[in-house]
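Structure record follows, encoded as structure tokens.
The values are calculated or read from the model by the stated rules, or taken from the named source; none is laboratory data. None of these values were measured; they are calculated from a predicted model. Cβ atoms come from the backbone with ideal geometry, glycine included; neighbour counts cover every protein chain shown.
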Amino acid sequence: MKKLVLSEIHQKLGAKMVDFAGYYMPVQYSLGVKEEHRIVREEVGVFDVSHMGEIFVCGENSLEFLQSITSNDVSKLTPGKVQYTCLPNDIGGIVDDFLLYMLEENKYLLVVNASNISKDLSWIKNQNSFGCLIDNQSENYSLLAVQGPKSIDLLQELTNINLSEIKYYNFKIGEICGIDEVILSRTGYTGELGFELYVKNEDVKKLWEALFLTSTHLEPIGLAARDTLRLEKGFCLYGNDIDDLTSPIEAGLGWITKFTKTFINSENLKKQKEEGTKRKLVGIELIDKGIARKDYIIVDENNLEIGVVTSGTMSPTLNKAIAMGYISSDYVILGLEVYIQVRKKLIKAKIISLPFIK
């Protein structure tokens, strides 16, 4: 397993460390998942998500190149803006979903999922008939996500950049706690106000320590709470809710799939959007006691298999068991009662709209 620069610090803080996407990652700290989740929803916490990949694409044809391989409309970006998008494959699925940053004209940053770095890099290079420079800097960057309602208060103590002026899905590059060239991005995977801070590995320890010296109380947060937070907001997780065999249309990602341009598999995806898909990703709230886990089967009142769970947890905010899953489009009716197969037992549930937390 690869270790984060801050691995020893996490262990000293009492983190439970696990293998995640080939990295030794903190899954939770001594406060526990439920309290860590509450802190991000109500106060502020920091995640070390330095396992994420950073791939730079440069060159005079970089816009045309990225337009051809991504689902969203890259022409809408200007320097300082971020876009959520995906890499469609040629068999109807998704190579990866990621954030695309326009750093300057002809220079972009792709922030990709850790488990897909090698796959993404290979895919992008194989599509590069545009003469672009593709530079994988994943091993040189660390990423801290400061998330929660008090995140601006905390970070503003450390930088002269007016953070309140940075709109959602925008970023600035500047100095924070004496570290230059930090990307301060108003993005995150929690649905709360927050920023993601990209720094070189040699600076991440200084940044981490500075965060905890501010007057705003801060707690470290692990991957387990990150998962419950994102699920409450209906955010897809690659490998669970989307993968090489799921299309962005059936995953509810039509809003990042723009047909004002031509891109890989766009013709088939456009047909899906116009004619509909056989299945759709939906929100599920359990009525009976129990938790729906990934790969649990969903059936109707006649015990006919109609779908499968992709993500599930006990929502700390709602104090209810929630899940996402794909079901046959014929059954996508809000309020419809369905059943989750948990071993030999059927757990009653109902279909609800996403996100679970508005």
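List of remarks:
- One residue stands out in segment 17-50 among those that are of a type in the set (G, A, S) and in contact with a strand residue (DSSP E or B) (Cβ under 7 Å, 6 or more places away or on another chain): the one that is nearest to S7 (Cα to Cα), namely S50.
- Note on segment 106-122: among residues that are farther than 14 Å from F56 by Cβ and surrounded by fewer than 18 Cβ atoms within 10 Å (Cβ to Cβ), the one that is farthest from the chain's Cα centre (by Cα) is S122.
Matching residues to (1) under 30 Å from K150 (Cα atoms); (2) in contact with a Phe, Trp or Tyr (Cβ under 8 Å, 6 or more places away or on another chain); (3) modelled with pLDDT of 95 or more:
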| residue | (1), (2), (3) |
| --- | --- |
| K206 | yes, no, yes |
| P220 | yes, yes, yes |
| I242 | no, no, yes |
| N265 | no, no, yes |
| K278 | no, no, yes |
| I287 | no, no, yes |
| I297 | no, no, yes |
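- Subset of segment 144-168 that is over 24 Å from I39 (Cβ atoms) and touching a residue at least 12 places away in the same chain (Cβ under 8 Å) - its residue that is farthest from the chain's Cα centre (by Cα): N160
- Criterion (within 14 Å of V44 (Cβ to Cβ) and either at pLDDT below 95 or buried (at least 19 other Cβ atoms within 10 Å of the Cβ) (or both)) met by exactly one of Q147, Q156: Q147
Here's the yes/no breakdown for (1) within 18 Å of W255 (Cβ to Cβ); (2) of a type outside the set (D, E, K, R); (3) in the same structural domain as I161 (by TED's automatic domain parsing):
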{"site": "V82", "(1), (2), (3)": "yes, yes, no"}
{"site": "D90", "(1), (2), (3)": "no, no, no"}
{"site": "I94", "(1), (2), (3)": "yes, yes, no"}
{"site": "D97", "(1), (2), (3)": "yes, no, no"}
{"site": "L100", "(1), (2), (3)": "yes, yes, no"}
{"site": "L103", "(1), (2), (3)": "no, yes, no"}
{"site": "N106", "(1), (2), (3)": "no, yes, no"}
{"site": "N116", "(1), (2), (3)": "no, yes, no"}
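- If only residues of segment 253-278 that are among the hydrophobic types (A, V, I, L, M, F, W, C) and assigned to a loop (DSSP other than H, G, I, E, B) are counted, the one that is nearest to Y238 (Cα to Cα) is L253.
- Any hit, segment 247-255, residues being more than 22 Å from V112 (Cβ to Cβ), polar (S, T, N, Q) and over 14 Å from the mean Cα position of the chain (by Cα): no
- Matching residues in segment 307-358 - criterion: being among the polar types (S, T, N, Q) and either part of a strand (DSSP E or B) or within 17 Å of I287 (Cα to Cα) (or both): T310, S311, T313, S315, T317, N319, S328, Q341, S353
Results for (1) surrounded by fewer than 23 Cβ atoms within 10 Å (Cβ to Cβ); (2) under 30 Å from L286 (Cβ atoms); (3) aliphatic (A, V, I, L, M), shown as yes or no for each residue.
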residue: G194; (1), (2), (3): no, yes, no
residue: V199; (1), (2), (3): no, no, yes
residue: A210; (1), (2), (3): yes, no, yes
residue: I221; (1), (2), (3): no, yes, yes
residue: D227; (1), (2), (3): yes, yes, no
residue: L231; (1), (2), (3): no, yes, yes
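- Lone qualifier among I134, I94, I69, I124 - being within 30 Å of G222 (Cβ to Cβ) and in contact (Cβ under 8 Å) with a residue 40 or more places away in the chain: I94
- Against the conditions (1) in the same structural domain as M17 (by TED's automatic domain parsing); (2) surrounded by 22 or more Cβ atoms within 10 Å (Cβ to Cβ); (3) not aromatic (F, W, Y), D241 satisfies every one except (1).
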